Amino acid sequence: MIHLAKLCVGVSSIDDLIAHRAVRAAAGEARADGNNWHRTRMMPKRRDELLAGGSLYWIISGQMCCRQKIVALEAGVRADGLSCCDIILDPQIVRTAPRARRPFQGWRYLKAKDAPADIDQSPGSGELSDEMAKQLSRLGLI
């Protein structure tokens, strides 16, 4: 299994990403199956490894801080006629221990052993703000 890491351009926080997804759904851009999607130029060559439980780890404001499970990879065609890949994502956004990442173009493979751990957001665990998670991560506590 392998994951993808991708910059989340135009989004300033996890809550902003959640709101962005809701706006897209309200505008009729939701898929019939309820899953989210993200369009990217290139189809990953390691498709089978990604579909064996991989996630797309979002990098927001220089921090890898959340993920969405990859459900499918679909070939598509953009409005300008160029081929592309639609990454179909489970709608649940899972917060992870923040990890600083520099900007890059496109996406990068992320080995499972290098992926940040999920942050427990279950009821009763106490909600952890994005800023608090960043500070705890800098201290090596999460």
- Note on the structure: 1/(1 + (r/R0)^6) with r = Cβ-Cβ of E29 and D118, R0 = 22 Å, i.e. FRET efficiency to nearest 0.05, evaluates to 0.20
- Task: Using a cut-off of under 17 Å, list every residue of the range 80-119 whose amide N is near the label point 7 Å from the Cα of A52 along the Cα-to-beta-carbon line.
- Result: 109-115
- Query: From the Cα gyration tensor of the range 27-98, with a ≥ b ≥ c the square roots of its eigenvalues, which class applies: rounded if a/c is under 1.5, or else prolate if a/b is larger than b/c, or else oblate?
  - Reply: prolate
- Note on the structure: Env charge @ L89, Cβ radius under 14 Å, K,R +1 / D,E -1, value +2
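Read-outs throughout are calculated quantities, based only on the coordinates presented, and are distinct from any laboratory measurement. None of these values were measured; they are calculated from a predicted model. Here the Cβ is made from the backbone with ideal geometry for all residues, glycine too, and neighbour counts use every protein chain on show.
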